[in-house]
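The values are calculated or read from the model by the stated rules, or taken from the named source; none is laboratory data. Just so it is clear, the model here is predicted, and its values are computed rather than measured. Glycine gets a Cβ as well: all are built from the backbone with ideal geometry, and neighbour counts include every protein chain shown. Calculation scope for accessible area: heavy atoms of the full protein, side chains included, ligands and nucleic acids excluded. Shrake-Rupley method; radii C 1.70, N 1.55, O 1.52, S 1.80 Å.
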Amino acid sequence: MIDLLRRRRSIRKYEKKAIGKELLDDLKEALLRCPSSRGINPWIFIFVDDARLLDQLAMVKEHGSSFLKNAALGIVVCGDETKSDVWVEDCSIASIVVQLVAQSSGLGSCWIQIRKRVHSPDMTAEEYVQKLLGIPARLKVESIISIGYPAETKKPVPHANLTFEKIHYNQY
Ligand SMILES: Cc1cc2nc3c(=O)[nH]c(=O)nc-3n(C[C@H](O)[C@H](O)[C@H](O)COP(=O)(O)O)c2cc1C
């Protein structure tokens, strides 16, 4: 796992290649095996592989989402706020875990933030995604994880760049 994290980077360029069923099944299983507060599992995951929908989802924000149009898959991570007051934490865990499992299978991925982001002056990014995919209002949209076979390589962050001063022992 530490080796996976040493090589982990956000990948925003993808090959034009579909993800096979076995890998998709692993991604689904990883999501559903994530821990959640009180085991409530307040999440819903929408796997989007339709090219037209990916094109439209890529326009969810002015910045930081356009690469989704070239991804093989976007996983829309939603949390039911009526089921858990800590759906944000639960959905964040699922979002990062699926990224790591994707990486371990040779895929690249990037988190696209939706919660608290805007689509346009009169529409939030969340409303845009809800409308496009028919998601009911009680389901909050946390993120979209774009996934595909990597068409870029990125250097790992050097060990020397890690901010170990952020780790304190026993007292601040
Ligand atoms: C909560 C969160 C939100 C993020 N939102 C976006 C986003 O909307 N668009 C994007 O391109 N990258 C997004 N990222 C990826 C970060 O930009 C990226 O992790 C950071 O720049 C460090 O780069 P690295 O992942 O390659 O180490 C997000 C990452 C996190 C954890």
Task: Spans of strands (runs of 3 or more DSSP E) in the range 100-168 with at least 2 residues more than 13 Å from the ligand (Cβ to nearest atom) - done: 139-148
Open item on the list: Checking residue 23 against (1) under 23 Å from residue 154 (Cβ atoms); (2) touching a residue at least 40 places away in the same chain (Cβ under 8 Å); (3) open to solvent by less than 20 Å² (accessible area, probe 1.4 Å); (4) assigned to a helix (DSSP H, G or I): exactly one of these is not met. Which one?
Closed with: (3)
Task: Matching option when the condition is farther than 19 Å from residue 43 by Cβ, surrounded by 19 or more Cβ atoms within 10 Å (Cβ to Cβ) and either free of Cβ contacts under 8 Å to residues at least 40 places away in the same chain or not hydrophobic (A, V, I, L, M, F, W, C) (or both), among 169, 128 - done: 128
- [ ] Go through the range 60-98 residue by residue and tally those that are without any contact (Cβ under 8 Å) to a residue 60 or more places away in the chain and open to solvent by 10 Å² or more (accessible area, probe 1.4 Å).
- [x] 16
- [ ] State whether the residues of the range 105-119 include one that is more than 22 Å from residue 57 (Cα to Cα) and either crowded, with 16+ Cβ neighbours inside 10 Å or touching a helix residue (DSSP H, G or I) at 6+ places or on another chain (Cβ under 7 Å) (or both).
- [x] yes
